[in-house]
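Everything on this sheet refers to the single structure shown next.
The values are calculated or read from the model by the stated rules, or taken from the named source; none is laboratory data. Every value quoted in this text rests on a predicted model; they were computed, and no experiment measured them. Every residue, glycine among them, receives a Cβ derived from its backbone with ideal geometry; neighbour counts consider all protein chains shown. What goes into the accessible areas is simple: the full protein's heavy atoms, side chains included, and nothing from ligands, DNA or RNA. Shrake-Rupley method; radii C 1.70, N 1.55, O 1.52, S 1.80 Å.
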Amino acid sequence: MLKRTVKFLAVALVAVTLILSFASCKQSDAPEGYQLVACEGDKFRLYVPTQAWMPNTTGGVTSAFFSQSENTSVSVYIADDAGEMTAEEYANYCNEMYPSELDGYKLIGTEKCVLGGVAAIKSVFIANNLYQNREGTFEKVAYKYMQVMARYDGDMYILTYTAPEEYYESHLEDVEGNDKGEGIIPYFTFASAYSSGEEKKYSDKVEVPEGMKLISTDERAYRFFVPTEWQINKRTDISAAYYSESDRSNVSVQIYICGTGDAVKDVDTYFARCEASYKDMFAEYELISSENITISDLNAKRYVIAVSTGEIDYKVLQAIVKKGDAIYCLTYTATAENYDAHVSDVEKMIEVFEIR
């Protein structure tokens, strides 16, 4: 249950994502004025208005944001705890569990509806969440959620629309649709597994360390190698990999560009901003270690932190280096019990990481 809760809250919290890499619009037969948002393998098609809505598949969740300042988003994912429940049974199950999981939870109502031509259940509720104000600090505000649940091809799909309560009504027509039948939900369809038709190309001219493979394409400003047994995460637009289907310990590389007048100027100020968001986001936070290292012959830092969602403990390693205006952050995340099993692999990834 917690995995699903964390997943839908995470895609709603634009504010705590310090590095947002918005996916480019994919070519498709999208309705006029709409754009397709899709990850490899999606058995659905999510279309959002081209005007103002920004596609994002960076975290492997198919989603789009109206704007970063409003923290308004729509996302679609598969529930991992629905078993054989019907949509109505699962909605009731969620509504029973949310009061103990979500701060300030209040159910507004549920009703039957249709999603992609399939019978569905819509639930609307309010819960408190983090919001980053103009000063860059976080505060708890009331968010309003709409979740539409439908079973398709053996899986339980959840389409979630969320926004701070003050913005919810402003974009409701975009989501529910207008009298012309246009809208995110009206245009949503279930379909065969999505494929971009464009295989990612990895250079065959790069010397790969023994026992490793290259998972960054030539368009990246770096070379990222992982052990051959690690799995490439094809659902995200950043360079990322995970250990196995049963052990989702994962690594990824993200880039932050320091702009003119940006408070983030170096590795220390970058991590300080990350740390502030972690303290607000997680029930518990601890900085375990901080040490100087070298990445791609540049001075860098390696941080290890422990965080808790309340029921699951995680350890996170972040290796951060700056070159020019770009800050490169390699992040390894694992449950506390699995962290040590793969940390030597991650240390090797850091050792061979190259900035081009």
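The table below gives the values:
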quantity: Förster radius 30 Å - calculated FRET efficiency between A119 and Q231 (Cβ-Cβ, nearest 0.05); calculated: 0.30
quantity: Cα-Cα pairs of region 290-331 separated by more than 12 Å (percent); calculated: 62
quantity: Overall form of region 232-330 per C-alpha gyration tensor (a/c, 1.5; a/b vs b/c); calculated: oblate
quantity: Hypothetical label at V141: residues of region 269-307 whose amide nitrogen lies under 13 Å (7 Å Cα-Cβ projection); calculated: none
quantity: Sum of -39500 (n - 2.57) over DSSP H runs of 4+, divided by residues of the chain (222 nm, nearest 500); calculated: -5500 deg cm²/dmol
quantity: Ordering of 176-184, 234-242 by burial proxy (mean other Cβ atoms within 10 Å per residue, highest first); calculated: 234-242, 176-184
quantity: Highest-MSF residue in the chain out of M149, M54, M212 [GNM, Cα springs under 10 Å]; calculated: M212
quantity: Calculated semi-axes √(5λ) of the Cα gyration tensor in Å (choose from (1) 32, 28, 23; (2) 38, 24, 20; (3) 34, 23, 20), label; calculated: (3)
quantity: Helix axis angle, 2-12 relative to the chain longest principal axis, alpha carbon, degrees; calculated: 90
quantity: 1.4 Å probe accessible area per residue over the chain, in Å²; calculated: 48
quantity: Region 166-315: relative contact order in percent, alpha carbon pairs under 8 Å with at least 6 residues between; calculated: 9
quantity: Net lengthening on full extension, D153/T189 (0.36 nm per residue, minus Cα-Cα); calculated: 11.7 nm
quantity: Degrees separating the helix 339-352 axis from the principal Cα axis of the chain, which is the longest one; calculated: 60
quantity: Charge dipole (debye, nearest 20) of the chain; +1 at Cβ of Lys and Arg, -1 at Cβ of Asp and Glu; calculated: 540
quantity: In range of the label at K112: residues from region 148-185 whose backbone nitrogen is under 12 Å from the point 7 Å along Cα→Cβ; calculated: none
quantity: Cβ-Cβ FRET estimate between Y285 and V206, R0 fixed at 45 Å, reported to 0.05; calculated: 0.75
quantity: Rounded percent of accessible protein surface that carbon and sulfur make up, region 227-355, 1.4 Å probe; calculated: 44
quantity: Region 61-197 - percent relative contact order, Cα under 8 Å, separation 6 or more; calculated: 23
quantity: Inter-label distance for S246 and N299, nm, one decimal - labels placed 7 Å from Cα along Cα-to-Cβ; calculated: 4.6
